[in-house]
Every structure is written in structure tokens, then in C-alpha cells.
1. Just to be sure I follow: if Rg is taken over the C-alpha atoms of region 14-91 and Rh is the Kirkwood radius over the same atoms, what is Rg/Rh?
2. Evaluate E = 1/(1 + (r/R0)^6) for residue 170 and residue 105, where r is the Cβ-Cβ distance and R0 equals 45 Å; express this FRET efficiency to the nearest 0.05.
3. Which trypsin sites (Lys or Arg not before Pro) from region 95-156 combine a DSSP loop assignment with at most 12 other Cβ atoms within 10 Å?
4. Report the Stokes-Einstein translational diffusion coefficient (µm² s⁻¹, integer) for region 1-46, Rh taken as the Kirkwood radius over Cα pairs, at 20 °C with viscosity 1.002 mPa s.
5. Length gain on complete extension for the stretch residue 51 to residue 17, per 0.36 nm per residue less the alpha carbon to alpha carbon distance?
6. Using Cα-only point scatterers and the Debye equation, what is log10 of I(q)/I(0) for the chain at each q in 0.08 Å⁻¹, rounded to two decimals?
7. Collect residues whose amide H, placed 1.01 Å from N in the peptide plane, falls under 5 Å from the amide H of residue 126; neighbours closer than 5 in sequence don't count.
8. Would you mind getting me the FRET efficiency between residue 125 and residue 38? Use the beta-carbon distance for r and R0 = 25 Å, nearest 0.05.
Amino acid sequence: MRFRETELPGAFVVELSPHADERGSFARAFCEEEFAAHGLPSRFPQCNISRNTARGTLRGMHYNAAPHAESKLVRCTSGSIWDVIVDLRPGSPTRFRWLGVKLSAQSGDALFVPEGFAHGFLTLRADSEVFYMMGRSYLAGAARGFRWNDPRIGIRWPEPPRVLSGPDRSWPDFDEASFDG
């Protein structure tokens, strides 16, 4: 694997290094020692799968309230997505900056999302599946979010969303006064 740090400190694109032969290819998708060597968490007590039938499905922007902030390792295992993170860490020099990365089953690359970031994605193909390795187990009471097109954040999505859940459609704009992340 190759770890490519992004312009948002602590966030990495984790690229596969496949070994190919006449059978196809083989690549390591996770290695505890390699993650630890890059200063990243190597314990993921929960894994989730998100199956999305329609192109243009948007999920986000989600984060957890303190002290339940969670890291994630996100990989697209079918189709492709535009994966977006926003730095919400108080005192961070990149606070409120966002990063978008195309993840696809074809590339196999993953995005490591540090604690203190919001996360969301837009499917770029129908039948896209996303596999998350979570740094914490889900705690419903800690779930928070803000509107996917909050003008303060200014995320540039590659296409307009077509499918959003009721909660994702109704998140308010980010509110500094009520932020508890």
C-alpha cells in the first residue's frame, strides 16, 4: 500500500499496490503495522456496508459529537463515488476546508478520514457499494450532520444529487454556536 497524505493534515488516500499475473491481481487492503507506522489508528471495531442503487445518491454530511468522534477508512467496492470530507477540528489551520476524492472499485483506493471530520459521498454510478472500517462502534445519540450544500463550506459536487434521505435533506447549515464535535 501507498499512503498519500492530503492537503488536510491527518487525511490520507491509501492506494493499493497490486501484484498482477496471469490469474489477475492481489493487493493488501489493510495492514495494522503499516497503518501504525503512518501514525494512523489500526483498530476498527465495526465495519459497515452502504449499498446505493441509484446514481446521484448523496449521503452526508455526517460527524459525531464529542467525545465520540470517529475515524473511518472508506473504500468503494462496487461502482464509484465522489467521497468528501470536511475538517471540523477546532484550532485546525484547515478548519472548514473540504476535500473530494473519486473512489472506485476499479482503483481500489481508500480514504482515511481522521476523527474530527465530517464525511459524505455522492454515487457516480448506479449500484455503488461503499465499505467503511469504523474507528468506533455506532452510537445513535452522537450522530450529527450539516447540509450537503451549506454555502459556508462550499463543497463542489461533480453533479447534482438525485436521491437523499429525509434526514440528509433536512440537516441545517453548519452552526458554530451549537457545534459539539
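The values are calculated or read from the model by the stated rules, or taken from the named source; none is laboratory data. This structure is a prediction, so every number in the text was calculated from the model and none was measured. FYI the Cβ positions are ideal-geometry reconstructions off the backbone, even for glycines, and counts take in every protein chain you see. What goes into the accessible areas is simple: the full protein's heavy atoms, side chains included, and nothing from ligands, DNA or RNA. Shrake-Rupley method; radii C 1.70, N 1.55, O 1.52, S 1.80 Å.
1. With Rh from the inverse mean 1/r over Cα pairs, Rg/Rh is 1.00.
2. 0.90
3. Within region 95-156, the qualifying trypsin sites (Lys or Arg not before Pro) (loop, at most 12 other Cβ atoms within 10 Å) are 152, 156.
4. 178 µm²/s
5. Result: 9.7 nm gained on full extension.
6. Values, matching the q order: -0.24.
7. 55
8. 0.25
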